[in-house]
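First up is the structure itself, then whatever we jot down about it.
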């Protein structure tokens, strides 16, 4: 019986100590959590639209005028895409049709909010930061399409 009381007191002391530690570091913890879910500047809508808005509106228009996955894929293939476009894919259910794939990756991480985002694509020795555009418009022939554009740093991109 005495051993159980000692264990219970030890657990209560650990919980109280942990609570005090968290309370003392609450600002650092809150900042860390916020930063973990905060979009970098190059992943925000304003930045992506400023540099690639014309391209993205062309893709939106092609998606709106297409009647099938194949006609939309053909429209994308017919466009002159800047070299920064690493991937353009069309999603329908569990299937992804890769229309453009200029970089083959084995790992990825993404954060998308409101159709715009950022992420990382990585292969064995290379890691690339990307800007993401995802449009899940009102189409019946697809669920959405997504475009990955390589972010090459703070140098100004030239819009297509």
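Yes or no, residue by residue, for (1) surrounded by 11 or more Cβ atoms within 10 Å (Cβ to Cβ); (2) farther than 30 Å from residue 91 by Cβ; (3) modelled with pLDDT under 85:
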{"site": "9", "(1), (2), (3)": "no, yes, yes"}
{"site": "26", "(1), (2), (3)": "no, yes, yes"}
{"site": "29", "(1), (2), (3)": "yes, yes, yes"}
{"site": "40", "(1), (2), (3)": "yes, no, no"}
{"site": "52", "(1), (2), (3)": "yes, no, no"}
{"site": "67", "(1), (2), (3)": "no, no, no"}
{"site": "72", "(1), (2), (3)": "yes, no, no"}
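From the list 137, 93, 78, 89, exactly one residue is in contact (Cβ under 8 Å) with a residue 40 or more places away in the chain and touching a helix residue (DSSP H, G or I) at 6+ places or on another chain (Cβ under 9 Å). Which is it? Result: 137 is the single residue among 137, 93, 78, 89 that is in contact (Cβ under 8 Å) with a residue 40 or more places away in the chain and touching a helix residue (DSSP H, G or I) at 6+ places or on another chain (Cβ under 9 Å).
For the stretch 83-102, a residue qualifies if it is part of a loop (DSSP other than H, G, I, E, B) and surrounded by 15 or more Cβ atoms within 10 Å (Cβ to Cβ), and exactly one does: 84.
The values are calculated or read from the model by the stated rules, or taken from the named source; none is laboratory data. The structure displayed is predicted, hence computed values, not measured ones. Here the Cβ is made from the backbone with ideal geometry for all residues, glycine too, and neighbour counts use every protein chain on show.
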